[in-house]
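Quick note: the coordinates plus some simple rules give every number you see, no bench work behind them. Keep in mind that this is a model prediction, so the values were computed, not measured. For neighbour counting, all protein chains shown are included, and Cβ atoms are generated from backbone atoms with ideal geometry for every residue, glycine included.
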Amino acid sequence: MSRYKKRKKHGIGECVYCGKLGSLTDDHIPPQNLFPKPHPHNMISVPACYECNNRASKDDEYFRLCLTIIENAKGHPARDSIIPSVERSLGKKEAVGFSNAIWNEIIDADRFSPSGLLYLGPGKLHVASLTRMNRVAVRIVKGLLYNETQQRIPDNFVVFSWHLSMLSKLELDTDSRQVIEAFIDALLTVQPQRIGDVFAFSRIWSPDGWPGSSRSVWLLQFYGRIEYYCSICPREVETVAPLSAHAPSKGGKDDPSNMQGKTVEAAKAKDKIEGRGNIINGSQE
């Protein structure tokens, strides 16, 4: 049976991701393969076209692998429950190319404890493709936005995503870094919304709210760890916001629109990192 036939049909309408009109299927946000069975009762699904839904499946598999083989992911009940499924997927005949690609991303390296204080000896480390992982994070935020507003992200807006391990490596000026850190601090004060014990997210809207503004910042958690910081802002942001924008003050009114220029600067720095190559994401079991 093809992947298309397994998808639950969603009628005719507009795809959440590409905006095309046509036959739709349900796309789970975040990817359903992250969850052990039985699945949580509050799983989110959004309408997506066959092309967008099917194209994302390989990235979803890669995303799950990268999140579950990290050294400090061990011990989380949901993560430990799906590891056998991850291993089986790598062993399938049709996954030979995927499996070989993963092994080609594994390098010899020194291993340290999650705190970085204890040397654990030589081992194997997986060098994750940030480009592939970021595609999934962006799709998740687009789906979450639709779930909350019943509207897709406007065509003149864009989602930026940063894995938290990458933020320290961005080539940013002090002011830009402080802006991002201030928004992360603000997001940490927001009560996260949870889907089972696998996924949680926090979100702050611009004071203009929806639909007056899609500007927002997000934190995405997987298996009890905060992994991604994301921002939604206008594509023409470079011309509408000065780089001297100020970070939100603690306890004050946090306005993601103030971060537009800083978001663009951080995105350019991120592109430089991805252009140079990937970063070490986690250890191989």
Original post:
If you find the alpha carbon centre of the range 123-174 and of the range 19-90, how far apart are they in angstrom?
Top reply: 16
Original post:
Which of the trypsin sites (Lys or Arg not before Pro) found in the range 70-165 are loop residues per DSSP with 16 or fewer other Cβ atoms within 10 Å of their Cβ?
Top reply: Lys74, Lys92
Subject >> Estimated vicinal HN-Hα couplings, Hz - the range 38-43 in sequence order (Karplus 6.51, -1.76, 1.60; Gly, Pro = x) >> reply: x, 6, x, 6, 9, 4
